[in-house]
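Computed from the coordinates by the stated procedures, all read-outs in this text should not be read as laboratory data. Source: prediction; values computed, not measured. Methodologically, a virtual Cβ is constructed for each residue, glycine included, from the backbone with ideal geometry; neighbour enumeration extends over all protein chains shown.
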Amino acid sequence: MWRKPEAFWQIRLPLDNVTEYDPFEGVVKLKTIGKNFAQGGAILLLGSAFFLYRSVFTINDGLASKNWPSTEGTIIEARLEQVRNTGGTTSEKTIAHFFYEYSVNGEQYSSSRLNFFSISGDPVTAAKSHEPGQAVVVYFDPENPDKSVLEPGLPGIFVWLAFGFGLLLFVGFISLTFFGDFGALFSKMAGG
């Protein structure tokens with residue numbers, strides 16, 4: 001007996017391995033990500049961006065400074081100032097004033113950076129160890145002579161710690177925003 005062939009859309013397939021799609025599941029997931037971002041992910045993102053940005057460029061400049069040319073410079077200001085705050089509690093703070101001048105190709109430059117060992121360049125140490133009028137060797141970036149240091153290289157650990165802290169904050173941002181907590185992120189990384 002002749003049987004009419006079924007149309008393509010009428011063919012019945014077994015549905016053993018098919019899961020039902022919920023169109024609202026994506027919306028719920030986006031709302032959860034937004035809520036997690038608002039609850040802490042934004043702060044972690046800003047913190048990690050700051051530490052990573054500062055430490056990556058500081059590490060790069062510190063390593064490059066080992067090969068920078070040098071010129072002679074002069075300390076124009078090196079002094080420490082004690083400032084006392086009395087806003088409810090009395091506290092003292094040391095402020096360093098440290099600057100040196102140097103010239104490259106007949107142009108005058110000034111800077112306050114001692115080194116790339118720390119993110120701030122450690123002006124307090126610089127002011128303690130130098131005196132106004134003292135001659136110093138200045139290492140400068142040949143492509144940007146405005147960028148200089150008195151101590152080239154990157155032997156300090158603080159910059160590496162800042163980089164690690166920034167990386168940790170970034171992992172925290174990813175974890176809180178997309179997975180809800182650190183445990184979920186490490187569980188996914190471990191294959192759980």
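Here are the numbers for the structure shown:
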item	result
Calculated FRET value between residue 49 and residue 135, using beta carbons and R₀ = 30 Å, to 0.05	0.15
The range 67-152 - percent relative contact order, Cα under 8 Å, separation 6 or more	36 percent
Dipole-positive endmost among 104, 82, 114 within the range 73-115 (Cβ charges, Cα centre)	82
Inter-probe distance in nm under a simple model that places probes 7 Å from Cα toward Cβ, at residue 146 and residue 124	2.9 nm
